[in-house]
Number of protein chains: 2
Amino acid sequence: MAISMSSASLPIFRTMLGNLSHFLDKGLAHAQARKFDPQVLVNYRLAPDMLPFNRQIQIACDAAKNGVARLSGVEAPKFEDNETTFEELRARIARTVAWLETVPAARLDGSEDKDITFPVGRDATRTMKGEAYLKHWALPNFFFHVTTAYAILRHNGVELGKSDYLIGAQ
Amino acid sequence: MAISMSSASLPIFRTMLGNLSHFLDKGLAHAQARKFDPQVLVNYRLAPDMLPFNRQIQIACDAAKNGVARLSGVEAPKFEDNETTFEELRARIARTVAWLETVPAARLDGSEDKDITFPVGRDATRTMKGEAYLKHWALPNFFFHVTTAYAILRHNGVELGKSDYLIGAQ
């Protein structure tokens, strides 16, 4: 069966968001086992001018949600970006996955040549064709934040490995 | 135009490997400007049991090269994994991109349902269908190492931003 815009987007976002939720489980369990405040991880940054862990999770969710919304034309729910605990971040991921599951594949399929206009920074927009947008913007951006979340936990001693990063691959 | 196995793989790997080479340029320039030994960056790890920067680059290249080789059936060159400088790592990326450019799209197209068997860890193999392998294994693994390389540089003060990470997107 040939690849379509829906099959090149929805399953990747869903699977990796499930993996991301699994990282959170391990991060929280690690903090509890070592008896340190899980908020240290929630607020941790790899560099002073990088975004903290909770923002990495929020933006990973948004990369999936906004990417699919723009390609499909299906309106996405707005999230308030107010998650400050592991439990709230897990719920954010779950809400994102639940919404992705409501988007009909047919709304994504055929969007290869659709013009997608999206914000870049605070004051600019950019327009790309749907297929290029998915492959060169939405997916790389999504993986960036999933992997950075992983790196923050790993840097802080959470026992994660490549098998955790790829745990949902079937 | 519908997405194909070649269009869902080759342009993503090529573009992101170009971006990765750009990170190297900035990393080396940073070390030279600050007058510290670039080898500190080459050997840097985010955690004692994570792989160092040079291995992240090598594995990013291999994720692209081996992924395309397995899907296409075109034999890939073997690299010796002996890069220990920025210059050698840039050459590794360039050799990988040069090889990717020789792989005919037609050899990748139609590989959606091909059984792909690949090593997992030291003693095991796994088999997935081509499309699932690309979407849930080869691409996530590739982005993992590109992003981890970025994170190592960022953690060490190299001035990189999202616009660098996505610099080749067109």
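General remarks:
- The other copies place their A:Thr125 label points at 5.1 nm from this one, listed shortest first, where each point is 7 Å from Cα along Cα→Cβ.
- Taking every full run of DSSP H in chain A, the ones that stretch at least 27 Å from end to end by Cα along their long axis and average -1.0 or higher on the Kyte-Doolittle scale are A:10-34, A:53-72.
- Of A:Asn156, A:Ala138, A:Leu28, farthest towards positive along the dipole that unit charges on Lys, Arg, Asp, Glu beta carbons give segment A:10-167: A:Asn156
- Each copy carries B:Thr85; placing its label point 7 Å along the C-beta direction from Cα gives inter-copy distances of 5.4 nm, listed from smallest up.
- For segment B:71-170, fraction of C-alpha pairs farther apart than 19 Å, in %: 60 percent
- Per residue of the protein assembly as shown, the DSSP helices (runs of n ≥ 4 H) give a summed -39500 (n - 2.57) that works out to -17000 deg cm²/dmol at 222 nm.
- What the Kirkwood sum gives for chain A is a hydrodynamic radius of 16.6 Å, with every pair of different alpha carbons counted.
- Across the identical copies, the label point of B:Ala29 (7 Å from Cα in the Cβ direction) is separated from its matches by 4.4 nm, in order from shortest.
- Average other protein chain Cβ within 10 Å of Cβ, residues A:129-140: 5
- Loop-exposed trypsin sites (Lys or Arg not before Pro) per DSSP, neighbour cap 10 Cβ within 10 angstrom, longest uninterrupted part of chain B: B:123-170
- Inter-chain shielding of B:42-51 (mean C-beta neighbours from other protein chains, 10 Å cut-off): 3
- Checking the cross-link pairs A:Lys135/B:Lys26; A:Lys162/B:Lys114; B:Lys114/B:Lys135 against a 18 Å limit on the alpha carbon distance flags A:Lys135/B:Lys26; A:Lys162/B:Lys114 as lying beyond it.
- Selection among B:Ala124, B:Ala47, B:Val68 by position relative to the dipole of segment B:10-167 gives B:Ala47 as farthest towards the positive end (Cβ unit charges, Cα centre).
- 5 angstrom amide H check on A:Val120, placed H, neighbours 5+ away: A:Thr125, A:Arg126
- For chain B, the share of accessible area belonging to carbon and sulfur comes to 50 percent (1.4 Å probe, ligands and nucleic acids excluded).
- Radius ratio Rg over Rh of the protein assembly as shown, counting only Cα atoms, Kirkwood formula for Rh: 0.94
- Neighbour-limited loop hits for GluC sites (Glu not before Pro), segment A:87-123 (at most 12 other Cβ within 10 Å; DSSP other than H, G, I, E, B): A:Glu101
- Within segment A:1-84, the GluC sites (Glu not before Pro) that combine a DSSP coil assignment with at most 14 other C-beta atoms in a 10 angstrom radius are A:Glu75, A:Glu80.
The values are calculated or read from the model by the stated rules, or taken from the named source; none is laboratory data. What you see is a predicted model; the values in this text were computed from it and never measured. Ideal geometry is used to build each Cβ from the backbone, glycine not excepted, and the neighbour counts take in all protein chains shown. Side chains included, ligands, DNA and RNA excluded: accessible areas come from the protein's heavy atoms. Shrake-Rupley method; radii C 1.70, N 1.55, O 1.52, S 1.80 Å.
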